[in-house]
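Worksheet: one structure, shown below.
Every read-out reported here was derived from the displayed coordinates using simple, explicitly stated rules and does not represent laboratory data. Treat the numbers as computed from the prediction; the structure is a model and nothing was measured. Neighbour counts are summed over all protein chains in view; Cβ atoms, including those assigned to glycine, are modelled from backbone coordinates with ideal geometry.
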Amino acid sequence: MQMADAAHPISHAAVPHGDAHGHGHHPNLEHHFDSLTQQFDAGKLGMWLFLATEVLLFGGLFCAYAIFRRNHPEVFMYAHQYLDTTWGAINTVVLLVSSFTMAWAVTASQRGQRNLTSLLLALTFLGGVGFMVIKAIEYQHKFHDGLMWGTHYDPSKHGHGHGEGHGAAAHGAAAAAGHAAAGDGRGGAAESHAAGAAASAGAAGDHGASAAHPEATTSVHAPETPGQGASAAAADADVPPERAPLEPSQVALAPSGPAGLHVGGHDLHGPRPDNVHWFFGVYFTMTGLHGLHVLAGMAVIGWLFVRSVRGDFSADYFTPVDLGGLYWHLVDLIWIFLFPLLYLIH
Amino acid sequence: MTGILADSLGLMPPKASTFAPAVDFWFDFTLWVSIFFFVLIIGLMLLFMVKYRRRPGVRAVVTPTHSTALELSWTVIPTILVVIMFWGGFKTYMDQRVMPLDAYEIGVNAKQWAWEFTYPNGIRHPELHVPKDVPVVLTMYSDDVLHSFFIPAFRVKMDVMRGRYTKLWFQATLASPPGQYYPVLCTEYCGTSHSTMTTKCVVHETRAEFEQWLRDADPLKKLTPEQYDEYLRDPSAFIAAHPDIQGLQSPADMGRKLWDSKGCKQCHSIDGKVGTGPSWSGIWGQTHEFSNAPPTAVDENYVKESIVNPRAKALKGYAANAMPTYQGRITDREIDSIIAFIKTLKSGSEAK
Amino acid sequence: MSSLNPAAAGPLVGAPATDNYLTHSRGFWSWAATLDHKRIGVMYLVGIFTMFLVGGLFAVLLRSVLLTPDAAAGGVKTIVDANMYNRFFTLHGAVMVFIVIIPGIPAALGNFVLPLMLGAKDVAFPRLNLCSFYLWLIGTGMALSSLYWGGVDTGWTFYTPYSTKVGSSGAFGGVVPVVAGAFVLGFSSIFTGLNFIVTIHKLRPPGMTWFRMPLFLWGTYATAVIQVLATPVLGITLLLLLAERLLGIGFFDSELGGDPVLFQHFFWFYSHPAVYIMILPAMGVMSELISVFSHKHIFGYKFIAFSSVAIAILGFLVWGHHMFTSGQSELLGVIFSAITFSIAIPSAVKMFNWLTTLYKGSIDFKAPMCYALSFMWIFGIGGLTGLFLGMMGLDQHLHDTYFVVAHFHYVMAGTIFVFFGAIHYWWPKMTGRMYDEGSAVLASILMFIGFNLTFFVQFMMGTRGMPRRYYEYRPEFQMGHVISSIGSYVMLAAVLLLIYTMIRSLRSGRPAPANPWGAGSMEWQCASPPPHDNFKTPPPVVDAYDYESLEWDERVGGYVHRGRRGGPAAAH
Amino acid sequence: MSHGSHSSGHAGGHGVGHIVPVGLQFGILMLLLVLTYITVAARWIDLGPLNIWIAMLIATIKAAFVVLYFMHLRYDRPFNSIIFIGSLLFVALFVCLALADTVTNKPRMWTGLAPAVAETQKHSDP
């Protein structure tokens, strides 16, 4: 490929620097380039190389994602349900549309349509604003619900009724299960386990579960059967469900694999597996870094807008718009992958 | 592996394990290949430097600027040599990594900045003692950061980390003379006193001598008579009161107590009776089938995982989420004790 | 300015041009805000050399500390405790790797030479180039600021969980500024590489085909490819490390279910190719030096060119050989070991090609050539000892011992030899002054002796089981350490002599001709120092390794093209 | 000094670069929106482990359209495509090898050392 480049460099007469005034010397032509084409090609090549570095930068995060998901699919199956697919889909549309307006802006600037270019750049910028606002709303929900990374992950905040509903359910479950463990968390695993306790734990758990997950985002429903309730509530309360004699259906609901969650359809909440924080770690790093790129892209587009209004661009010189556009599309590209990977796990 | 190639030019430490001859052989092989090429290249270079040094009026001779035959030959010959080297490295490596089944097992705990070895009789000791000619497996974990276990004389090294057990095995072939020892070193940088995280490895001539040392190392022997009485009255209270005296109780004994006190016995019998969970009797080394994971042998990692994260693997034939997590309710030491206890439970041996 | 430039009349005449890139404009801002690749290169050179001295000073301190086995035995250990020692070796490593060697040849010399060699007026993106330099400055400042925050003692590899939990003092500690600094330095490196790739692709003048490019450009090109493809992964690794330390994200923390070995994968995915970022440009310079000072056409041009690219690509596939004892899976270890050995081949090819170039040449022992021949020796040992470490069974014994320390110094500090050789080689072009050959050659010989004294004995210590990063050691190793430390003092003396030589050259060196060495590549066809915009007209492209048409001209004190005697007028 | 360009517009005094008609771009946008809808909808169909691959396939198709038309890569110099595809290959290389290690190593790891340490404390105490 590179050889092809080299095959015919002589075919382009070098325009000697000195005698070419008036011909190739566009005001936007830098002194070390011979022609606008060369300058444009160099810019494009540079931008693509930069995009390659961006791809590799995100590549590290995709690697982390792949490793955590491959090793612990249950965490992803469970935790992604806390993401709001509707907001995610809206954001996808917002970005796609802004990508389109950006592409249009490039075309417009290539045709020298200055006002149209400015307008489209402004629209693209607004797309960025919209995306970030929605992202901010989503983040705020996550923060509020303790759906965060690492040590900050706090399942006790998941529902509305932190203090009341959740706590009550937990205690109910614990009491029903016959735990003498209330005062002594460490010994909780031991002691007596009345065989019938699980049933009442289930009842209490059902209650607990609905209290624990009423956030009513699109498709998340509280589990219907008492058995699931037991495990969900117990899990949320972090009271071990002990050796509750389980119905077969509940065994099938084992939290550990994809198979478990398929029972009952897509909108099952399922019991909470361990280390849910991984998912949110991945979620926040990926969307966070992507968000930073959106902000950077918005800064670039804002700058392009100013220049466009000022009349810097013409049919001869639109390289910055084109390159800025490439960057913005890359940001869109990454989101195209992030959306299904984070929101649409099945 | 004999003759001129065997002495490694005196570069290697004493050969004290079964690995050493093979490692040293390949070291020597590579060394002599390297010396050959180095002498060839540098010799020619020096020759050219003298012969073709700049002299007034003498211009460089124009020689061909490339020769495919020549260039291919110095591409192909090194290729063959490195394939041989790879094979040698691969073979010795596999020997180092494939553990014998009947090996004597010693636990290794690394922490900033000390080693501690746990012997099968429950003694915890800062020194590593092993019998000669007996394969020994070290099962290692770290309390904090990365460490790396290294005995130069044995040619073995393995990182020790938190988060998973790593293993290492060797068979000593050379007893350490009385009063001398092989140094055990930490080679993964672990903080301020990294360089002092060393200890002794003593290789006993006979198994009997080693067993004798093991008995003598029993901390109970170091107790005063009053302390000994006190210990007998209530071992756990005594141990709690004397944290400085380590290894007072065998991990297996400790494990049995935990089985009794932590609630394990509610579901796991030790007499083979099937409960809510599998019986521990004879379970060690069995292969378990799961509904959500590939079959796994019952080993340290599996047991540890089953305790702290029981839902990771759903054992076929048992309820998947019957077992609570003991995360935060049990220490690593206690888990080790339980593992030690399980290991003692041969099939059908107990009936309680 | 062009019409007033007398140099335009005779860029090939040996007399220094009155208007050149150094005198073109004056004042602080003419340098600080310059877009001229030559000035940026010179600023880099000054900065990097200064940092080399800082890093070297740490090294000399380390060696002094190691003179005695422990504090009880006296010596420097009574002043420097283990904590300080750990901070020294960490900063020595971080400074030398991230701040000195990685940008050394490409950013400093590459910047100055690459466009000239290519026949271009500048690099493709001069502003980005300046930006790279400032990123380098900022990153360096951040890394050094860690001293203020209590220092950093994690080792330059920043292995988790030490770096995320306990390492250094406080939550912030010295780790955060160093890691953030390395992140910024990474971007400096990326932008340099990006700039060079575009320059080589798009700014080659007519006639400069790919296979007419001097091999230094091939080396730089291969390096730039690695810089662009590998460095972003370092970026994300360091970001995750910061997230781990400051926010507790838990990817590498086993307490949170993360995997500390994962960090090593992330880290070495960059840091192994980084070794080739360091060595490939050096190999490129080697090809120039060996050929020019033998006055003989380089042997096997295409093999050398392709071996650079082969090394660049293969370099991405071998990172796991840093992890043979880390608990990496055996399967992966085997794969990585196999690929590692494949890298030995292109490296061997280069060595043999250089050797054949010397054959029947007219070898001129100028200082650059002395450094180049030293590199043959040093890289020979460095490369061959790599074979030991690539063998998994042997690596179990040698990993993290002084054997490794010696090995990578023979490779990476070998790069420094070439760096010095290259500084001497292009010095007349950069400054317009010749240096004193006598003291420069003496410095290079001293450096060679000091280097081998320092590091050869470390191989022996390593095989006998001396672990790296040890503050205290067993007394049996003291002799080796003392020899090693003496070697480091010899090197220090050599560096001081080198600095003296260069300063004297600046003050009173004789003016340099356009082509003092008889080199064929394009940068020697413009005046020394080059004019502000390099070439009025791109000179005709000739075979850079054809020395037949070059002849010594007494009047200019340099080489001129046969048939062009009496100045360039004849040529144009 | 510039190279032979197959980008149209170069010759026509039109400046440089290929102009992609707005109509085509709008069509691409519509296609992308449809594909987005399909990805979201595909979630409701249970295909087991195939789901993620279908989602990735659709995402890749979307990405391809963005790259080819919005980013003009179809009309651009082939070398730029090589760079872009090359970067994806290196990501794949990185992911595959690093993943291969953790997958083959998984049985040897302790998982779940800390299902939110804080949480355990919090709930067991009161």
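If a/c stays under 1.5 just call it rounded; otherwise compare a/b with b/c (prolate if a/b is bigger, oblate if not). Do that for segment C:508-553, with a ≥ b ≥ c from the square roots of the Cα gyration tensor eigenvalues. Could the numbers behind the result be given before it?
Values: a/c = 2.73, a/b = 1.12, b/c = 2.44.
It comes out oblate by the Cα gyration axes.
On a C-alpha basis, how far is the centre of segment B:24-89 from the centre of segment B:177-218 in Å? Whole number, if you could?
Measuring centre to centre over Cα atoms gives 45 Å.
Quick one: Karplus J couplings for segment C:130-137, per residue in order, coefficients 6.51, -1.76, 1.60, θ = phi - 60°, nearest Hz, x for Gly and Pro?
5, 4, 4, 4, 5, 4, 4, 4
Mind scanning C:LYS296/C:LYS429; B:LYS313/C:LYS165; B:LYS51/C:LYS302; B:LYS265/C:LYS165 and naming the pairs with a C-alpha gap bigger than 32 Å? Present the calculation step by step, with values, prior to reporting the outcome.
Values: C:LYS296/C:LYS429 21 Å; B:LYS313/C:LYS165 30 Å; B:LYS51/C:LYS302 27 Å; B:LYS265/C:LYS165 37 Å.
Over 32 Å Cα-Cα: B:LYS265/C:LYS165.
At a temperature of 10 °C and a viscosity of 1.306 mPa s, determine how fast segment A:21-76 diffuses translationally according to Stokes-Einstein, using the Kirkwood radius over alpha-carbon pairs as Rh; express D in µm²/s, rounded to the nearest whole number. Before the final figure, lay out the partial values.
Details: Rh = 14.6 Å.
Estimated diffusion coefficient is 109 µm²/s.
Where the eigenvalues come from the Cα gyration tensor of chain C, what are the semi-axes √(5λ) of the equivalent ellipsoid, largest first, in whole Å? Don't jump to the answer; show the numbers that get you there.
Numbers: eigenvalues 327, 122, 110 Å².
Semi-axes, largest first: 40, 25, 23 Å.
Considering amide H positions built from the backbone, and no H for Pro or chain starts, which residues 5 or more places from B:HIS288, or on another chain, come under 5 Å of its amide H?
Amide H neighbours of B:HIS288: B:THR296, B:ALA297, B:VAL298.
Averaged across B:290-301, how many Cβ atoms of other chains sit within 10 Å of each residue's Cβ atom?
Details: counts 3, 7, 9, 4, 2, 1, 2, 1, 0, 2, 2, 6.
If you average over the peptide's residues, the count of other-chain Cβ atoms is 3.
Kindly flag which residue pairs out of B:LYS132/B:LYS157; B:LYS167/B:LYS316; B:LYS111/B:LYS262; C:LYS38/C:LYS536; C:LYS202/C:LYS350 have an alpha-carbon separation exceeding 24 Å in this structure. Spell out each step's value before the answer.
Working: B:LYS132/B:LYS157 19 Å; B:LYS167/B:LYS316 28 Å; B:LYS111/B:LYS262 26 Å; C:LYS38/C:LYS536 16 Å; C:LYS202/C:LYS350 28 Å.
Exceeds cut-off: B:LYS167/B:LYS316; B:LYS111/B:LYS262; C:LYS202/C:LYS350.
Give me the one-decimal nm value for the distance between modelled label points at A:VAL133 and B:ALA240, 7 Å along each residue's Cα-to-Cβ direction.
So the label points at A:VAL133 and B:ALA240 sit 6.2 nm apart.
To make sure I understand, if each residue's beta carbon is the centre and we count other beta carbons within 10 Å, what order do C:HIS424, B:HIS242 fall in, fewest to most?
Numbers: C:HIS424 26, B:HIS242 15.
Starting with the residue having the fewest Cβ neighbours, the order is B:HIS242, C:HIS424.
In whole Å, largest first, what are the principal axis extents of the Cα atoms in segment B:104-217?
Sorted largest first, the three principal extents are 37, 25, 22 Å.
Just report the Cα centroid separation between segment C:270-345 and segment A:24-87, whole Å.
27 Å
At 0.36 nm per residue, and after removing the present C-alpha to C-alpha distance, how many nm does the segment from B:VAL98 to B:HIS66 gain when stretched out fully? Kindly include the intermediate steps, with their values, before the conclusion.
Working: separation 32, 0.36 × 32 = 11.52 nm, distance 4.79 nm.
Taking 0.36 nm per residue and subtracting the Cα distance, the gain is 6.7 nm.
When the helices in chain C are scored as -39500 (n - 2.57) per DSSP H run of 4 or longer and the sum is shared across all residues, what 222 nm value do you end up with, to the nearest 500 deg cm²/dmol?
Numbers: 15 runs with 328 residues, N = 572.
Result for chain C, helices only: -20000 deg cm²/dmol.
For C:ARG510 and D:ILE61, what does the FRET efficiency come to when R0 = 51 Å and r is the distance between their Cβ atoms, rounded to the nearest 0.05? Kindly include the intermediate steps, with their values, before the conclusion.
Numbers: r = 68 Å, r/R0 = 1.33.
Computed FRET efficiency for C:ARG510 and D:ILE61 comes out at 0.15.
Kirkwood Rh over alpha-carbon pairs of chain B, then Stokes-Einstein at 10 °C and 1.306 mPa s: what D in µm² s⁻¹, rounded to an integer? Before the final figure, lay out each step's value.
Working: Rh = 24.4 Å.
In µm²/s, the coefficient is 65.
Based on DSSP H runs of at least 4 residues, each adding -39500 (n - 2.57), what is the mean residue ellipticity at 222 nm of chain B after dividing by all its residues, to the nearest 500 deg cm²/dmol? Walk me through the intermediate numbers first.
Values: 8 runs with 122 residues, N = 352.
Dividing the helical sum by the residues of chain B leaves -11500 deg cm²/dmol.
Quick one: B:GLU300, B:GLU127, A:GLU54, fewest Cβ neighbours within 10 Å first, how do they rank?
Lowest to highest Cβ neighbour count: B:GLU127, A:GLU54, B:GLU300.
Check which residues have an amide H placed less than 5 Å from C:GLY558's amide H, if you skip close sequence neighbours.
Excluding prolines and chain starts, which carry no amide H, the hits are C:ASP553.
Using only atoms on other chains, find how many Cβ atoms lie within 10 Å of each Cβ of peptide D:63-71 and report the average.
Mean shielding by partner chains, rounded to a whole number: 6.
C:THR401's amide H: which non-local residues (gap 5+, or another chain) put their own amide H closer than 5 Å, with H modeled 1.01 Å from N in plane and none for Pro or chain starts?
C:ARG468
List, largest first, the extents of the alpha carbons of segment C:252-363 along their principal axes, each in whole Å.
Extents along the principal axes: 64, 21, 19 Å.
Could you compute how fast segment D:20-71 diffuses translationally, taking Rh as the Kirkwood radius over C-alpha pairs and applying Stokes-Einstein at 25 °C with viscosity 0.890 mPa s? Give it in µm² per second.
D, rounded to a whole number, is 210 µm²/s.
Enumerate the calculated ³J(HN,Hα) couplings along segment C:212-217 in order (Karplus 6.51 cos²θ - 1.76 cosθ + 1.60, θ = phi - 60°), each rounded to whole Hz, writing x wherever the residue is Gly or Pro.
After applying 6.51 cos²θ - 1.76 cosθ + 1.60, I find 9, 5, x, 5, 4, 5 Hz.
For segment B:104-217, what proportion of DSSP beta bridges, expressed in % and rounded to the nearest 5, is antiparallel? List each step's numbers first, then the result.
Details: 24 of 35 bridges.
The antiparallel fraction comes to roughly 70 percent.
Can you pull the one-decimal nm distance between simple spin-label points at C:GLU548 and C:ILE138, each 7 Å off the Cα toward Cβ?
It works out to 5.3 nm between the two label points.
Through the Karplus equation 6.51 cos²θ - 1.76 cosθ + 1.60, θ set to phi - 60°, convert the phi angles of segment C:246-251 into ³J(HN,Hα) values in whole Hz; use x for Gly and Pro.
8, 10, x, 6, x, 6
How high is the FRET efficiency from A:ASN115 to B:LYS200, r the C-beta distance, R0 51 Å, rounded to 0.05? It would help to have the intermediate numbers written out before the result.
Working: r = 83 Å, r/R0 = 1.64.
Calculated value: 0.05.
I need C:LEU116, C:LEU239 ordered by Cβ neighbour count within 10 Å, fewest first.
Least crowded to most crowded, the residues run C:LEU239, C:LEU116.
To the nearest whole number, what is the average tally of beta carbon atoms from other chains within 10 Å of the beta carbons of peptide C:258-271?
Working: counts 11, 13, 8, 10, 8, 1, 4, 9, 5, 0, 0, 9, 3, 0.
So the per-residue partner count for this stretch is 6.
Could you sort the peptides C:242-249, C:222-229 by per-residue average Cβ neighbour count (10 Å cutoff), highest mean leading? Walk me through the intermediate numbers first.
On the way: C:242-249: 20.9, C:222-229: 28.2.
So the order, starting with the most tightly packed, is C:222-229, C:242-249.
Among A:115-126, C:403-414, how do they line up by average Cβ neighbours within 10 Å per residue, starting with the highest?
Details: A:115-126: 20.7, C:403-414: 22.8.
So the peptides A:115-126, C:403-414, ranked by packing, come out C:403-414, A:115-126.
Once you compute Rg and the Kirkwood Rh from C-alpha atoms, what is the Rg to Rh ratio for segment B:250-344? Mind dumping the intermediate values first?
Values: Rg = 12.2 Å, Rh = 13.2 Å.
Answer for segment B:250-344: 0.92.
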